Amino acid sequence: MKHLISVLVENKFGTLNRVAAMFSARGFNLESISIGETEDPEVSRMTIVTRGEDRIISQVLKQLNRLVDTIKVTDLTHQPHVERELLLMSLKLSKSTQHEIFELSNVFKGKVVDIKQKSITIEVIGSPDKINTAIDMFRPFGIRELARSGAVAIHRGDS
Amino acid sequence: MHQPGQKLNGSEIFFECLRREHVDYIFGYPGGSLLKVYETLHDVEDIKHILVRHEQGATHMAEGYARATGRPGVVLVTSGPGATNTVTGIANAYMDSTPMVVFTGQVPSTLIGNDAFQEADIVGITRPITKHNFLVKDVRDLASTIRKAFYLATTGRPGPVLVDMPKDVLAAECVFEWPESVDIRGFKPTFKCHANQVSKAAKMISKAKRPLLYVGGGVVTAGASEALLKLAAEQQIPVTMTLQGLGAFPGDHPLSMGMLGMHGTFWANQAVSNCDLLIAVGARFDDRVTGKIDTFATQALKIHNDIDPTNVDKNVKVDLPVVGDSKDFVESLLNELPKTKEDRSAWLAEIEAWRRQCPLDYTVEKDSLKTEFVIDEISRQTKGHAVIVTDVGQHQMWTSQYYKFTEPRSIVTSGGLGTMGFGLPATIGAAFGVTDRPVITICGDGGLMMNIQELVTAVYHKLPIKIFLMNNSYLGMVRQWQELFHKEKYSFTDLEASNPDFVKVAEAFGCRATSADNPEAARKAISDALAYNDGPMLVDFRVVRKDMVFPMVPAGGSISDMLLARLNPKTMV
Ligand SMILES: Cc1ncc(C[n+]2csc(CCOP(=O)(O)OP(=O)(O)O)c2C)c(N)n1
Ligand SMILES: [Mg+2]
């Protein structure tokens with residue numbers, strides 16, 4: 001099953017490479033990985049989406065912990081958490097579709113970030129599931145290009 | 001010795017740090033990026049630099065030194081080709097959890113990334129084969145990085161650590177400061193075993209009717225041998241060992257069952273298949289040990305003690321994991337467990353019956369020589385009081401079967417990676433660290449050629465090592481698989497037409513050498529070599545060419561199902 005893992009790492013060059021290389025060397029599935037600084041500039045947070053049966057996931061967590069540059073590894077999957085992904089998508093635009101695109105964008109609480117004669121760029125934020133649905137729904141209009149950030153997530157509440 | 005607080009350049013700091021880490025030997029080779037270091041080294045007297053003839057040799061020497069002494073091995077090589085030549089040795093140390101610190105020179109930091117002359121991204125290359133590695137970008141970080149490197153290499157599950165040092169960093173100056181302590185927030189190994197887990201283990205042991213200890217290199221690393229001997233004796237539990245675990249328990253003890261796994265003893269593998277409790281200590285359920293996983297120790301509850309949590313439940317699902325240091329584990333068990341009241345004599349008798357059913361044996365003929373005999377004879381003449389270093393192949397497996405290892409750190413062998421060419425340099429490294437016992441390599445004619453250049457190093461330093469070459473003029477282990485599983489297609493394994501005259505080769509290097517082709521001559525050659533201490537000595541044992549190592553579990557087969565003899569006796573000529 002799908003797992004969402006949050007990893008605090010030393011903010012040093014090479015850390016992302018160490019984590020990614022460990023996944024490929026051990027044949028673990030890596031669906032998405034995102035990384036950014038935290039409130040402490042020496043620490044970055046990685047959010048990793050992976051898939052596997054329990055035994056594999058337990059190895060993934062242990063192997064992550066074993067890397068010297070990882071500080072804390074948390075499997076958020078079964079804990080209260082907030083998970084978001086950003087989608088940027090450029091669509092073909094014509095007089096006849098303009099209205100529908102705007103409406104659909106509203107349904108997904110999307111934002112128009114750029115508009116030209118023949119193209120429109122929309123931003124959607126939401127869970128990866130919502131992003132998948134949005135892409136499916138917009139597809140008939142003709143997707144010119146799209147970019148997804150991969151999931152980022154944190155614990156909900158005080159823990 | 002320079003004092004902290006003084007202004008020093010990077011090269012001077014480097015040696016100050018090594019002093020504080022009590023380094024006595026460096027195995028190294030100079031080059032452009034290291035000129036400053038070698039300039040400083042010129043006046044260093046307390047740390048001995050051993051000039052190798054190939055950087056791979058340096059890494060294996062460092063590993064031999066580390067395994068024989070328990071202290072970390074140190075390597076120093078230049079950037080680019082010097083660094084890439086260490087890759088095999090680093091991978092070997094990683095697989096066998098050997099403490100080692102490899103220092104590489106690097107092009108000046110301003111040129112990194114420009115495809116500069118002799119630039120290689122050695123930090124990138126060695127990331128998956130080091131426990132950790134560092135690129136030092138500022139001379140002010142050099143001392144603390146070296147401190148961390150030694151700490152990481154030797155703490156918890158040991159392993160190789162690489163420190164890449166750009167040329168400008170080695171020349172730049174700063175005030176030397178030695179950090180008294182190390183704290184790495186992402187690295188906190190668990191030493192102390194959880195008391196609850198130990199109690200549970202103790203209960204399982206006291207209830208077991210047919211328990212078996214399966215011990216690996218972790219017992220040697222942790223220094224748990226003495227406690228293990230006590231535990232086994234008090235609880236009357238037989239002990240089987242992995243290749244790296246040999247010597248962790250005395251091989252001549254009645255409870256010792258020798259090695260298990262692919263070329264393990266028949267009785268050890270039968271015991272694994274029939275035990276009701278398997279207690280794994282400092283071992284990692286490697287595929288060469290388990291054979292086919294679903295048929296491995298199916299009747300047993302399994303306890304697994306290891307300092308590295310990633311080893312637990314990796315290959316085999318266990319009933320009770322106990323993460324922590326193996327010495328702590330065994331000693332805690334000793335405290336918990338009263339001397340056993342269980343009568344385990346029936347179980348021990350069953351094992352004895354398996355031993356009698358398929359003992360390890362071989363025939364001796366007057367005018368032909370078997371590797372098994374030679375190794376048996378080395379074992380008899382040294383009485384187990386030696387450091388035995390092997391290369392990789394048939395001779396290695398026969399060594400594990402016929403040499404009676406009685407002390408920890410008496411075997412040095414490439415287990416996890418199986419690196420041919422390991423033997424000779426590792427022997428040299430071990431001989432720098434161990435001077436109170438003979439240091440012997442048992443190697444093959446294929447593997448010896450892979451690092452033969454290091455004979456120079458042994459001769460120059462007059463190291464009294466014994467090079468016992470089991471010369472079958474074959475890549476014997478591969479030939480064995482070709483015969484058993486590949487339709488007897490002996491592709492590129494016959495070396496008879498191409499092997500050199502090893503006695504002449506040795507002599508050209510200035511090494512004393514002789515040969516033997518029958519048991520009587522072999523016996524004498526061994527005792528002569530053991531008596532000769534003015535330098536290295538090579539004995540070219542002209543052994544039977546097509547002998548095979550048995551018993552054997554075919555790869556992926558079940559360990560309860562061993563091949564006991566060759567399938568087609570006609571192929572033995
Ligand atoms: C560097 C390296 N290359 C190839 C192999 C594959 N290999 C394993 S054993 C072996 C044959 C070793 O021959 P030799 O050194 O003569 O020892 P023997 O088996 O004859 O005792 C080979 C080629 C290896 N283990 N290491
Ligand atoms: Mg051979």
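Beyond 32 Å in Cα-Cα separation lie the following of the pairs A:LYS62/B:LYS203; B:LYS137/B:LYS188; B:LYS383/B:LYS487; A:LYS62/B:LYS209: B:LYS383/B:LYS487; A:LYS62/B:LYS209.
Less than 5 angstrom separates the built amide H of A:VAL43 from those of A:ASN11, A:THR38, all sequence-distant by 5 or more or on a different chain. Per residue, chain B reaches -10500 deg cm²/dmol at 222 nm when only DSSP H runs of four or more residues are counted, each adding -39500 (n - 2.57). A simple rule links phi to the HN-Hα coupling: the Karplus curve 6.51 cos²θ - 1.76 cosθ + 1.60 with θ = phi - 60°, which for region B:533-546 gives 10, 8, x, x, 9, 10, 10, 8, 7, 7, 8, 3, 7, 10 Hz, with x for Gly and Pro. Which log10 I(q)/I(0) values does the protein assembly as shown give at q = 0.05, 0.11, 0.12 Å⁻¹ under the Debye formula, counting every alpha carbon as one identical point scatterer? Once normalised to I(0) and log-transformed, intensities are -0.30, -1.21, -1.35. Taking every protein chain into account, the accessible area of region B:7-175 amounts to 33 square angstrom per residue (probe 1.4 Å). Only lysine pairs 8 or more places apart, or on different chains, with alpha-carbon atoms under 20 angstrom apart are counted in region A:82-155, and they number 9.
Taking θ as phi - 60° and the Karplus parameters 6.51, -1.76 and 1.60, the scalar couplings of region A:118-128 work out to 10, 8, 9, 10, 10, 10, 10, 10, x, 5, x Hz in sequence order, x denoting glycine and proline. Using Cβ point charges alone (K and R +1, D and E -1), the dipole size of the protein assembly as shown about the Cα centre works out to roughly 1560 debye. In loop segments of region A:14-79 as defined by DSSP, the trypsin sites (Lys or Arg not before Pro) with at most 16 further C-beta atoms inside 10 Å of their C-beta are A:ARG26. Here, region A:2-75 has an Rg and a Dmax of 11.4, 34 Å when only alpha carbons are counted. Here the 3J(HN,Hα) profile of region A:133-143, calculated from phi with Karplus coefficients 6.51, -1.76 and 1.60 at θ = phi - 60°, is 4, 4, 4, 4, 6, 7, 3, x, 7, x, 7 Hz, Gly and Pro shown as x. Rounded to the nearest 10 degrees, the inclination of helix A:54-66 to the longest alpha-carbon principal axis of chain A is 70 degrees.
Separation of region B:238-252 from region B:154-221 is 22 Å, based on Cα centroids.
Give me the percent of the accessible area of chain B that comes from carbon and sulfur atoms, probe 1.4 Å, all protein chains in place.
The nonpolar share, carbon plus sulfur, comes to 52 percent.
Using only alpha carbon pairs under 8 Å that are at least six residues apart, calculate the relative contact order of region A:2-75 and give it in whole percent. About 46 percent, as a whole number. In chain A, Cα pairs under 8 Å separated by at least six residues give a relative contact order of 28 percent. Using bins of 10 Å that start at zero, the share of Cα-Cα pairs per bin across chain B amounts to 4, 18, 26, 25, 18, 8, 2, 0, in whole %. Could you let me know the centre-to-centre spacing of region B:405-450 and region B:484-560, using Cα atoms, in angstrom? Going from one Cα centre to the other spans 15 Å.
Separation of the alpha carbons by more than 27 angstrom is noted, of B:LYS200/B:LYS327; B:LYS131/B:LYS230; B:LYS207/B:LYS230, for B:LYS131/B:LYS230. Among the chymotrypsin sites (Phe, Trp or Tyr not before Pro) found in region B:288-386, not one is both in a DSSP coil and sparsely packed, with 11 or fewer other Cβ atoms within 10 Å of its Cβ.
Interface between chains B and A: roughly 1800 Å² of accessible area buried, both sides summed (probe 1.4 Å, protein heavy atoms only). Computed from the alpha carbon atoms alone, the convex hull of chain A holds 139 Å³ per residue. Here is the list for region A:1-76: chymotrypsin sites (Phe, Trp or Tyr not before Pro) lying in DSSP coil, each with at most 13 other C-beta atoms within 10 angstrom of its C-beta, are A:PHE13. Candidate cross-link partners of B:LYS504 among the lysines, defined by an alpha-carbon separation under 23 Å and a same-chain spacing of 8 or more, comprise B:LYS370, B:LYS462, B:LYS466, B:LYS524.
Each Cα pair under 8 Å and six or more residues apart adds its sequence gap; the mean of these over the residue count of chain B is a relative contact order of 14 percent.
Within the straight-line cut-off of under 17 Å between alpha carbons, the aspartates and glutamates reachable from B:LYS314 are A:GLU53, A:ASP54, B:ASP96, B:ASP286, B:ASP287, B:ASP294, B:ASP306, sequence neighbours fewer than 8 places apart in one chain being disregarded. Between the C-alpha center of region A:69-120 and that of region B:8-85 there is a gap of 55 Å. Taking 7 Å steps out from each Cα toward its Cβ at B:ASP46 and A:ILE154 produces label points 5.0 nm apart.
The values are calculated or read from the model by the stated rules, or taken from the named source; none is laboratory data. Nothing here was measured: the structure is a model prediction, and the numbers come from that model. Cβ coordinates were reconstructed from backbone atoms using ideal geometry, including for glycine residues, and neighbour counts include every protein chain displayed. Heads up: the accessible areas ignore ligands, DNA and RNA and are worked out on the full protein's heavy atoms, side chains in. Shrake-Rupley method; radii C 1.70, N 1.55, O 1.52, S 1.80 Å.
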